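The values are calculated or read from the model by the stated rules, or taken from the named source; none is laboratory data. Because the structure is a prediction, the values reported are computed rather than measured. So basically every Cβ, Gly included, is an ideal-geometry build from the backbone, and we count neighbours across all protein chains shown. Remember, those area values only see protein heavy atoms, side chains included, never the ligands or the DNA or RNA. Shrake-Rupley method; radii C 1.70, N 1.55, O 1.52, S 1.80 Å.
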Amino acid sequence: MHQKLKLPGIDRIRSRFLEMLKTRQVSIAEYALVAWESYELEEVNGSLTLARTLLHQIAGTAGSLGFEELGNEARSVETEIDDHLNGPDADLAICPGPLFFHLDSFVQLCQTVLDAQPETVDPS
């Protein structure tokens, strides 16, 4: 009764999630940097929207695969992006400092999660 349930194929799904996390982590970092450095409204908001999409995907899956903290943080940054894009500064070509640093912290959390998973280490 107290045994952890093991669903068939869950290890494969988890491994696939971690592989995708590597790519998503890099993309989120790139989108954050573009949003931070750009002076073009469409580029700033577009990059934040693209990062938000990836964060939403991570948030939707992470918790069910045992990465609760990662999922919660993804949801938190996603909400912060939504608040900015729907807020009074949405028509300004800026990425607020606290949002940029939250994105950076999330990218670092992704790396911590990946480092803790030996099966995701690329041998090359």
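When you scan the stretch 28-51, do you find a residue that is surrounded by fewer than 16 Cβ atoms within 10 Å (Cβ to Cβ), closer than 28 Å to R12 by Cα and among the polar types (S, T, N, Q), even just one? No, because not a single residue in the stretch 28-51 is surrounded by fewer than 16 Cβ atoms within 10 Å (Cβ to Cβ), closer than 28 Å to R12 by Cα and among the polar types (S, T, N, Q). Set side by side, the residues G9, G71 differ, and just one is on the phi > 0 side of the Ramachandran plot, without any contact (Cβ under 8 Å) to a residue 40 or more places away in the chain and open to solvent by less than 40 Å² (accessible area, probe 1.4 Å), which is G9. Can you find a residue in the stretch 88-100 that is surrounded by fewer than 14 Cβ atoms within 10 Å (Cβ to Cβ) and outside any loop (DSSP other than H, G, I, E, B)? Yes, because at least one residue in the stretch 88-100 is surrounded by fewer than 14 Cβ atoms within 10 Å (Cβ to Cβ) and outside any loop (DSSP other than H, G, I, E, B).
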